[in-house]
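Note sheet for the following structure.
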Amino acid sequence: MNRRTLLASAALALGLAGTALAQDKTKVGFVFVGPIGDGGWTYEHNEGRLAVEEHFGDAVETVYQESVPEGADAERVLTQMALSGADLIFTTSFGYMDPTINVAAKFPDVKFEHATGYKRADNVGTYSARFYEGRAVQGHIAGKMTESNIIGYIASFPIPEVIRGINSAYIHAKKVNPDVQFKVIWAYTWFDPAKEADAATALIEQGADVILQHTDSTAPQAAAEKAGNVYTFGQASDMAEYAPKPRISSIIDNWSPYYIDRVQAVIDGTWESDDTWDGIGAGMVKIGEISDAVPADVKAEAEAMIEAIASGAYHPFTGPLNKQDGTPWLAEGEVADDGTLLGMNFYVEGLTGEIPQ
Amino acid sequence: MIRLEKRPQPSRAWTVATPILAVALTMVAGGLMFAALGKDPVEAIRTIFWDPLFNEQFASYSRPQLLVKAGPLVLIAIGLSLGFRAGIWNIGAEGQYIMGALAGAGVALALYPLEAWFLFPLMVIAGALGGWAWAMIPALLKTRFRTNEILVSLLLVYVAEQILASMSLGLMRNPEGGGFPGSRNLQQYPAAANPELIAGTGMHWGVVAGFIAVITAYILLNRHMLGFQIRLTGQSPRAARFAGVNPNALVLFCLGTSGALAGLAGLFEVAGPAGQISIDFNQGYGFTAIIVAFLGRLHPVGILLAGLLMALTYIGGELAQFMLGIPAAAIQAFQGMLLFFLLGVDVLSNYNIRLGRREVA
Amino acid sequence: MDFGAINPVVLIASLMVASTPILLAAIGELVVEKSGVLNLGVEGMMITGAICGFAIAVETGSPALGFLAAMLGGAVLSLVFGVLTQVLMSNQVATGLALTLFGLGLSALIGQGYVGIKPPATDRLDLGPLSEIPVLGRILFSHDLIVYLSLALVAGVWAFLRYTRAGLILRAVGENHDAAHALGYHVVRIRLAAIAFGGACAGLGGAYLSLVRVPQWTEGMTAGAGWIALAIVVFASWRAGRVLLGAYLFGGVAVLQLNLQAAGLAVPVELLSASPYLVTILVLVIMSADRGRAAVAAPASLGRVFHAST
């Protein structure tokens, strides 16, 4: 036996041991776009992964890879994960859509779950959260809390997800406070603490006393705390370290129930490709504790709204609603369909300014 | 007293030995870091350096991926090395890479959905021209106004990044993409795609171009007058001028070539592995290629090997992350260490170490 | 559109805060480049400073100790670069890039336990009645200590380079290291000191981000500030006073852009973000075209390897 065959058989033995191991354990992979220490989007997905580990114990092994660039690198990472014997892989950023579809075609036995995308296959499902439901609650509280009637909004990119959030928040702020005005800053980043701090400061200096954010860092919270008398909401994670003021509530991405559910489906052999878009009702969107800085009656109203949304009794986009240019969109009592919401590229009536491009 | 004495010629023995020494030193230092993180150092090192090449489960896939990852690095680094040898410092390859990709993808997107044989060649030309034109800015400013090309080429990277952001949000945004930033996927546009040429080998046109660049640069530097002029200018600009070298022409040639090659790398990447223009399309290949050029001692064959080594640490690093749970940060630090050691031990090939007192001159 | 909403006084005060990290890093890099060394690792040193400062401030509860630790961390990391380039004579461009890579990785490793923690607050300096002065009070007397320290550093570096013998030697080393060596100056030692100073300043700038301006720790939080600092040094044509101008211009464009958006003006964000770089290139061209003033351009030995052959 020469050296080469010795190595080969050793590797073969290792490989066999690997597959044998993989058979008793379900292996679940996660691909993250940012570092798990970003305190926001990726952090919450990783919390979901940890919940899976906690829930299943030794029956499941999870692997993950952080800071994976979208594009060619993602495709390689996914392929390697599939080769390593993963049974289910969660790809947690929109930009992984095409790589996920490509790799899934090569590994028909591996299940894929792609977050926030719209392309599916027999072994690729998609999932996303109805964050706009949480935005509605925020908008309500913000409209009640503002004294200057100016609400600042730090937006990330002009994509439907973000526009939907602005509209939802505005509709509900306006409902309780007809004089309310939104100032929107497009930061063109999901995550750049220094820039977010500057954006919050700019908004505060121009009179905003409530700041909503669709970016992930706590920098705006800190800026609000420094300014005093400004209210904020946690985004992606609870940001409870800034409670009870300036952070008066939050929208939390809560992926744990979904992840546990899907892993269970793979273990049971019942997994099927589908499109999940869950909100407060299913627990995918959680509203962080409304702090004591909010008057009791406002808190009660907000909680009633959460209740109504969760039960399905109330939809945040319910007519009558017009588009920004005054053309009718939803008639009295009409509810927006998911297709329009998913591709939302317009402001509702009353919002000023333009969506870039 | 330890002192260094410059060798008249770099030592051949040390030139071969230093990279091996550097990798060995990195294994020791990196192993200590992994051990400090509570990971098995031997396993970690094996996963990074051995598994991508020989692991039964992965190797058949990751070996070709080495070429995919190394391709753009080598292509860019070869172009840069010509200028670096002549003392012309283009450190803005990242920007030229972006502009090449934008120009090439722009042609494809403008002609979408035309299916014609000439589309891809046209994109290749546009890609090279895009990178070339972006590099011509520092080149012309240098020849015309003696402006420092290091700084101009670096500054233009940021400008290119802003153009990239603007393009992926605006002009080049996929009209069927649900409003998300990013262009159409060129992989799904057959006439414009740069696919794997032979399935399972990782070879695409960018890798082919990389190999051609290595061979051409080798011939140029060893057999051609221009190569002689480049080397002479690097060693002694004054002697070069006496030998009839036109320094301005050399600046235009070196910056132009490196820009065109970086642009090509961008085009092959956007039409192939990456598939689309997006806000963070550039992954730092242009900067990493500078390191690759130096690791390869500015020699074409050295650059090829250095590019493959860098690719190995990327891919091995990925494996180590999800197989052993080593954080991405540790891999990054590990790569940094490898570079430090490679750069540091190079002193042995260029200098003699002498012990003892300094002699009176 | 509502320009009235933008208060220029407030705008200036906040752009001073926004510019402080890049100002600190740039003034440090200026000294490094004046000594003839090009260290492209500013980003790596800043982020290392950011986490060192954050970690120590959280552990000890003292922001002051945090800032000191940040300077130390930045300086130690910069000395890795110093030893490699000055003693082992490696290429400065490549080593600087490697330093950034290493710094980003190292900082993320150290910072793993510090995500989601609030650091102890850095107080504003209480200047009593001075801060009540209309307009000037808000602009000049309403900041924290580090803002004033950064301004003092600019003045200090300016005076050091212009009026002191040590500053003259430093410049001589940067202009012609062989001549400086022949005159008996320790080129390598002087450069190592300059590199360490640059590292300390970059570290301090990073800590200002993580402890005051943001304040929190997250991986990669410097988000390119180190690269901007490099551009500012060029913009400033290697003069301390103009570094201040450059830092406030770069920081100002960023802040102004956000303020214009908040005021409801649809601004071409990318064009505005690219404009400081374009202006810098223009400044470079004008400077280098004006041959009579070649003395103000880049230090002649910038980026060159020094080896004492005798």
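The values are calculated or read from the model by the stated rules, or taken from the named source; none is laboratory data. This structure is a prediction, so every number in the text was calculated from the model and none was measured. Cβ: placed from backbone, ideal geometry, glycine included. Neighbour counts: every protein chain shown. We work out accessible area using only protein heavy atoms, side chains counted, and drop any ligands, DNA or RNA first. Shrake-Rupley method; radii C 1.70, N 1.55, O 1.52, S 1.80 Å.
Summed over all non-identical Cα pairs, the Kirkwood treatment of the stretch B:161-275 gives a radius of 17.2 Å. Summarising the label geometry, the points placed 7 Å from Cα in the beta-carbon direction at A:Glu53 and C:Arg162 lie 5.8 nm from one another. Counting only chymotrypsin sites (Phe, Trp or Tyr not before Pro) that DSSP places in a loop and that have at most 11 other Cβ atoms within 10 Å, the longest clean stretch of chain B runs over B:119-361. Using helices alone, I'd like the mean residue ellipticity at 222 nm for chain A: each DSSP H run of four-plus residues gives -39500 (n - 2.57), total over residue count, nearest 500. That comes out to -13000 deg cm²/dmol. For A:Ser156, nonlocal amide neighbours, meaning residues 5 or more places apart or on other chains whose placed amide H falls under 5 Å from its own, are A:Ala187, A:His214. Take every Cα pair under 8 Å whose residues are at least 6 apart in sequence, average their separation, divide by the length of the stretch C:3-296, and the relative contact order is 35 percent.
Only protein atoms count toward the accessible area here, which uses a 1.4 Å probe; on chain C, the carbon and sulfur part of that area reaches 69 percent.
What a 1.4 Å probe finds exposed on the stretch B:98-203 is 69% carbon and sulfur by accessible area, rounded to a whole percent. The helix-based estimate of mean residue ellipticity at 222 nm for chain C, built from -39,500 (n - 2.57) per DSSP H run of four or more residues and divided by its residue count, is -22000 deg cm²/dmol to the nearest 500. Report the FRET efficiency, 1/(1 + (r/R0)^6), for C:Ala266 and C:Val76, where r is their Cβ-Cβ distance and R0 is 56 Å, rounded to 0.05. Efficiency computed from Cβ-Cβ geometry: 0.75. Residues considered: A:Thr62, A:Thr327, A:Thr318. Largest GNM mean-square fluctuation over chain A, using C-alpha springs under 10 Å, is found at A:Thr327.
Give me the percent of DSSP beta bridges within the protein assembly as shown that run antiparallel, rounded to the nearest 5. So the antiparallel bridges in the protein assembly as shown amount to around 30 percent. Less than 5 angstrom separates the built amide H of B:Tyr351 from those of B:Arg7, all sequence-distant by 5 or more or on a different chain. Distance between the C-alpha centres of the stretch B:256-314 and the stretch B:33-66: 23 Å, rounded to the whole angstrom.
Each of A:Phe131, A:Asn322, B:Leu186 was scored by the projection of its Cα onto the charge dipole of the protein assembly as shown, and the greatest displacement toward the positive side belongs to B:Leu186; charges sit on the C-beta of Lys, Arg, Asp and Glu. Does the stretch C:199-310 classify as rounded, prolate or oblate by the C-alpha gyration tensor (a ≥ b ≥ c root eigenvalues; a/c under 1.5 gives rounded; else a/b over b/c gives prolate, otherwise oblate)? The shape class here is oblate.
Net charge of the neighbourhood of C:Gly205, taken over other residues with C-beta under 15 Å away and scored Lys/Arg +1, Asp/Glu -1, is -2.
Within chain B, helices built from complete DSSP H runs that reach 20 Å or longer along their own axis (Cα positions) and carry a mean Kyte-Doolittle hydropathy of 0.5 or higher are B:12-36, B:59-85, B:93-111, B:119-145, B:149-169, B:205-223, B:247-271, B:300-324, B:328-345. Once both labels are positioned 7 Å from their Cα atoms along Cα-to-Cβ, the gap between B:Ile212 and B:Leu226 label points is 1.4 nm.
Proximity of backbone amide H atoms, modeled 1.01 Å from N, is registered between A:Phe112 and A:Ile89, A:Val124, A:Gly125 at under 5 Å, excluding neighbours fewer than 5 places apart on the same chain. Taken one residue at a time, the phi angles of the stretch B:273-284 give Karplus couplings (6.51, -1.76, 1.60, θ = phi - 60°) of x, 6, x, 8, 6, 9, 4, 10, 4, 6, 10, x Hz. Gly and Pro are set to x. Among the GluC sites (Glu not before Pro) in the stretch A:279-357, those located in a DSSP loop and surrounded by at most 13 other Cβ atoms within 10 Å of their own Cβ are A:Glu332, A:Glu354.
Distance distribution note for the stretch C:3-296: the fraction of Cα pairs above 25 angstrom is 49%.
Of the peptides B:150-157, A:228-235, the order by per-residue mean of other Cβ atoms within 10 Å, starting with the highest, comes out as B:150-157, A:228-235. Per-residue shielding of A:280-289, expressed as the average number of other chain Cβ atoms within 10 Å of the residue Cβ, stands at 0. With springs only between Cα atoms under 10 Å, which of C:Leu72, C:Leu244, C:Leu258 fluctuates most in a Gaussian network model of chain C? Sorting by GNM fluctuation, first place goes to C:Leu258. In chain B, the DSSP-assigned H stretches of four residues or longer account for a calculated mean residue ellipticity at 222 nm of -23000 deg cm²/dmol, using -39500 (n - 2.57) per stretch and the full residue count as denominator. The Cβ shell under 11 Å around C:Pro63 holds other residues with a net charge of -2, Lys and Arg each +1, Asp and Glu each -1. The protection proxy used here, the mean number of other Cβ atoms lying within 10 Å of each residue, ranks peptides B:169-180, C:101-112 as follows, highest first: C:101-112, B:169-180. Could you tell me what percent of the DSSP beta bridges with both partners in chain A are antiparallel, to the nearest 5? Antiparallel bridges make up about 20 percent of those DSSP assigns within chain A.
Against the main long axis of the alpha-carbon atoms of chain C, helix C:225-235 sits at an angle near 70°.
Summing charges over all other residues whose Cβ lies under 13 Å from the Cβ of C:Val233, with Lys and Arg as +1 and Asp and Glu as -1, gives +1.
Just checking the listed ones, C:Leu145, C:Leu153, C:Leu204: in the Gaussian network model of chain C with Cα springs under 10 Å, the one fluctuating most is C:Leu145.
Rounded to the nearest Hz, the phi-derived 3J(HN,Hα) couplings of the stretch A:83-93 under the Karplus curve 6.51 cos²θ - 1.76 cosθ + 1.60 (θ = phi - 60°) are 4, 6, x, 5, 9, 9, 10, 9, 10, 9, 8, where x marks glycine and proline.
Gyration tensor over the Cα atoms of the protein assembly as shown: the corresponding equivalent ellipsoid has semi-axes (square roots of 5 times the eigenvalues, largest first) of 45, 36, 27 Å.
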